[in-house]
Structures are given as structure tokens and as C-alpha cells.
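Please treat every number below as a calculation from the coordinates, not as lab data. All values reported here derive from a predicted model rather than from experimental measurement. A quick note on method: Cβ atoms are made from the backbone with ideal geometry, for glycine too, and the neighbour counts reach across all protein chains shown.
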Amino acid sequence: MAKNLLIVEGMADRDFIQTFLDYEGLNIDLDVRVVTAPEVDNTILHTTKQGVLNALDAVVKQLNDGRYERIGILIDMDFRHSGAIPIKQLNLQQLATKLSQHDFKQMIQPSDDKGIFFENADFNHPIGIWLMPDNENEGYLEHWIENSIKNKEENHFNTAEHFITSFSETHFKPHTVTKAKIYTWLAIQPKPCLDLSGCLTAKYDLLDKNATSYQNFRAWLVTTFS
């Protein structure tokens with residue numbers, strides 16, 4: 001049984017992570033667990049970040065019991081609503097509220113570009129946090145992909161972008177525009193794809209491994225689980 005656990009919001013995140021590990025040849029023995037709202041409240045049928053937050057008590061208990069040695073949490077930064085506090089601050093407050101109940105405190109570091117970590121002196125390894133896309137800006141996994149696209153794909157992506165922006169401003173909600181661009185870009189590949197993890201396969205070869213966003217995320221996985 002794997003000694004490392006990564007909890008994520010949805011199936012697309014799980015599939016992407018598993019493909020990323022294979023694509024990078026990272027020999028990490030890792031359970032990737034989808035934590036969905038129905039596991040917490042069976043009246044909620046869709047995946048939510050709250051499902052991840054509500055699962056943290058049970059997850060930390062497994063760390064305390066020795067079931068896992070290292071734990072990571074991957075969630076979307078999401079978007080700030082009008083009048084709300086900065087979205088990063090809100091995410092960190094929610095995580096700190098849960099993790100402080102188990103004596104975990106956020107590590108102070110010069111930059112969060114390679115991940116956010118919560119430590120507890122009773123454990124050998126901190127809990128690693130990644131807020132998609134880059135621990136700083138609003139967004140989702142699709143924004144991380146957009147930041148990592150190869151230069152050779154610029155024309156294809158521009159075509160998809162022009163198509164999406166040709167719709168009226170009210171057609172897409174602002175926070176879904178990048179999702180629409182990424183899925184359209186994947187759909188217009190010579191071999192159309194509707195799976196986000198497809199951009200990591202050799203058949204497509206769409207992402208730039210040297211992109212800062214790509215390298216920082218890879219570094220977080222290695223730091224958290226190796």
C-alpha cells in the first residue's frame with residue numbers, strides 16, 4: 001500500500017496527476033484520492049472544495065495513525081467574488097482553520113511559487129498544498145495548462161481563443177472562459193482530445209516542460225512526496 005496520499009477535488013485532477021507522474025517518470029508511490037461532496041453530504045451531488053476541507057480531519061488522522069507518511073492537498077484557487085477578501089487569503093484561512101486543529105502551522109517562506117506547506121513538529125514531513133494554477137492567481141487546472149503550452153501550439157491555441165471570444169460576452173461566465181479555450185484547443189488537435197491529461201501524452205506533446213509553471217508544479221510534487 002502506498003505511504004503517500006494526495007487528495008484532489010475531482011476525477012479530472014486525479015487522472016491528470018497520475019498521467020503527469022508517468023509522463024515525468026517520477027517514481028512516487030502515491031494514492032490519489034478524489035474527495036467529493038457526496039462523501040461528506042449525500043444531498044450534494046457535485047464536487048466541491050468544501051468536500052476536500054471537510055475530509056481533512058479524517059486524512060490527518062490517517063497521518064497520525066501511520067497509514068500515510070506524506071500528505072498533499074491539491075485544490076483550485078477559484079475566483080474572488082465581489083466584495084470578498086482576496087481569494088488566496090480566503091483559501092489559506094480555510095486550510096489553516098482545519099489544519100490548526102491538528103497543530104499544523106503554515107511554514108514561512110520567501111515565495112509560494114513552489115508550493116505552500118503546513119508543518120507540525122510531531123511529524124517528519126509537512127503537508128504540501130498546491131492552489132491551482134500557481135498558488136497566487138485566480139483560476140483552475142486549465143489556467144496552469146494555458147501557462148505551460150508549447151510555443152509550437154500558439155497558432156492552434158489562438159484559433160481556439162478567437163472562436164471562444166467570437167461569442168457574446170454573456171455566453172460564457174467569466175470564470176469559465178479559459179476552460180472553454182482549453183477544451184476547444186484540445187478538440188481541434190489533429191487527433192481531437194477531450195481529456196485534460198491528454199496534453200501530457202507523447203502522442204500530443206503539447207506542454208513545455210521548461211515553462212516556469214510546469215517546473216514549479218513538478219518541484220512541489222517532488223518536495224511533498226520524496
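If you take all other residues with their beta carbon under 9 Å from the beta carbon of A2, and give Lys and Arg +1 and Asp and Glu -1, the sum is -1.
Computed over the chain, the convex hull of the alpha-carbon atoms projects to a mean area of 13.8 nm². Distance from the C-alpha centroid of the stretch 123-172 to that of the stretch 66-115: 20 Å, rounded to the whole angstrom. Given the -39500 (n - 2.57) contribution per DSSP H run of 4+ residues, what per-residue ellipticity at 222 nm results for the chain, rounded to the nearest 500 deg cm²/dmol? Result for the chain: -12500 deg cm²/dmol, rounded to the nearest 500. If you wrap the tightest convex hull around every Cα atom of the stretch 95-181 and split its volume per residue, you get 119 Å³. Distance between the pseudo-spin-label points of K49 and D195 (7 Å out from Cα toward the beta carbon): 2.8 nm. Size descriptors for the stretch 141-200 (Cα atoms only): Rg and Dmax, in that order, 11.1, 32 Å. Hey, if you drop one equal point scatterer on each alpha-carbon of the stretch 51-107 and run the Debye formula without solvent, what base-10 log of I(q)/I(0) do you get at q = 0.15, 0.26, 0.29 Å⁻¹? The computed values of log10 I(q)/I(0) come out as -0.50, -1.16, -1.31. With a simple spin-label model that places each label point 7 Å from the Cα along the Cα-to-Cβ direction, the separation between N158 and L90 comes to 3.5 nm.
Loop-located GluC sites (Glu not before Pro) in the stretch 81-181 (DSSP state other than H, G, I, E, B) with a sparse environment of at most 11 neighbouring Cβ atoms within 10 Å: E169.
Between T223 and N151, the modelled labels are 2.8 nm apart [label points 7 Å from Cα along Cα→Cβ]. Each residue of the stretch 128-141 was assigned a 3J(HN,Hα) from its phi angle through the Karplus expression (A = 6.51, B = -1.76, C = 1.60, θ = phi - 60°), giving x, 10, 10, 9, 4, x, 8, 6, 9, 9, 4, x, 9, 4 Hz with x at Gly and Pro. If Lys and Arg each add +1 and Asp and Glu each add -1, what is the summed charge of the other residues whose beta carbon sits under 15 Å from the beta carbon of F157? Net charge around F157: -3. Principal-axis analysis of the Cα atoms of the chain puts helix 49-64 at an angle of about 40° to the longest axis. Taking one quarter of the surface of the convex hull spanned by the alpha-carbon atoms of the stretch 91-140 gives a direction-averaged projected area of 3.6 nm². Amide H to amide H, with H built 1.01 Å from N, D76 comes under 5 Å of M132, counting only residues 5 or more places away or on other chains.
Within the chain, antiparallel bridges make up roughly 30 percent of the DSSP beta bridges whose residues both belong there. Potential lengthening of the chain between T212 and T165 amounts to 14.3 nm, from the contour at 0.36 nm per residue minus the alpha-carbon distance.
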